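Taking it in order: structure first as structure tokens, then the write-up.
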Amino acid sequence: MNVTLVPFGNAKYNGGVLTCQHGPNECTANSYEQCAIDEYPAFKVHFPYFTCLESAFLKGTEDIAATSAKCAGAAEMDATKLDACVKDAPRAAALQRKYFALTPSDHKYTPWVVVGGNLSKSSGSKLTEEVCKAYKGPAPAACAAEVLAKAGRVPADVQPCAAP
């Protein structure tokens, strides 16, 4: 399965100036997430960092650098590499432009979730179900657990994925 995170949100370029929907802190947070993906391209490495950072923002954190360091440590990433990337203005700007280019021009909201080339009908709230339905090949354990969970029979050793 191929998962691509695009940390750009509803940011816009106006006359060459980047403006983020929720202000400059969001632009900085996007830079940290972009740098994490750039430094650690394997999804299984950068995704725990990404979810940690996003969870902290939902709780209202304002200290992005400190939160990044905490999340990097939890994800076994080198926080100094991420800080260096964010503080390298040309590199950070190039990453912002890269993720701007990856953001679908027709997106209307975030998260903009696409599964198997189709826009998610649930905006990701039923991601496991949608991925399992679109998945080609032998069903992964999470899909088997999803089917059993719907039937009310989840084996102790296999748990369904939590909804985002």
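The values are calculated or read from the model by the stated rules, or taken from the named source; none is laboratory data. Bear in mind that the values here come from a model prediction, so they are computed numbers and not experimental data. Cβ placement follows ideal geometry from the backbone for every residue including glycine, while neighbour counts extend to all protein chains displayed. All accessible areas refer to the heavy atoms of the entire protein, side chains included, with ligands and DNA or RNA removed. Shrake-Rupley method; radii C 1.70, N 1.55, O 1.52, S 1.80 Å.
Do the conditions hold for Pro7, that is, is it closer than 30 Å to Gly137 by Cα, surrounded by 14 or more Cβ atoms within 10 Å (Cβ to Cβ), touching a Ser or Thr at 6+ places or on another chain (Cβ under 7 Å) and not β-branched (Val, Ile, Thr)?
In short, no.
Restricting to the range 100-137, name every residue that is open to solvent by 60 Å² or more (accessible area, probe 1.4 Å), over 13 Å from Phe8 (Cα atoms) and among the β-branched types (Val, Ile, Thr).
The answer is Val114, and nothing else.
Filter the range 78-92 down to the residues that are free of Cβ contacts under 8 Å to residues at least 24 places away in the same chain, open to solvent by less than 50 Å² (accessible area, probe 1.4 Å) and not charged (D, E, K, R) and list them by number.
Ala79
Among the numbered conditions (1) at negative phi; (2) open to solvent by less than 80 Å² (accessible area, probe 1.4 Å); (3) not charged (D, E, K, R), tell me where Gly16 comes up short.
For Gly16, the failing item is (1).
If we scan the range 30-48, do we find a residue that is surrounded by fewer than 18 Cβ atoms within 10 Å (Cβ to Cβ), among the hydroxyl-bearing types (Ser, Thr, Tyr) and free of Cβ contacts under 8 Å to residues at least 60 places away in the same chain?
Among the residues of the range 30-48, not one is surrounded by fewer than 18 Cβ atoms within 10 Å (Cβ to Cβ), among the hydroxyl-bearing types (Ser, Thr, Tyr) and free of Cβ contacts under 8 Å to residues at least 60 places away in the same chain, which makes the answer no.
Mind checking which residues of the range 1-51 are outside any loop (DSSP other than H, G, I, E, B), under 17 Å from the mean Cα position of the chain (by Cα) and over 16 Å from Asp83 (Cβ atoms)?
Glu26, Phe43, Lys44, Val45, Phe47, Pro48, Phe50, Thr51
Go through the range 55-163 and tell me which helices (runs of 4 or more DSSP H), entirely inside it, have 1 or more residues that are more than 23 Å from Pro41 (Cβ to Cβ) and at pLDDT below 85.
127-134, 141-150
Can you confirm whether Ser55 is within 18 Å of the chain's Cα centre (by Cα) and on the phi > 0 side of the Ramachandran plot?
So Ser55 fails the test.
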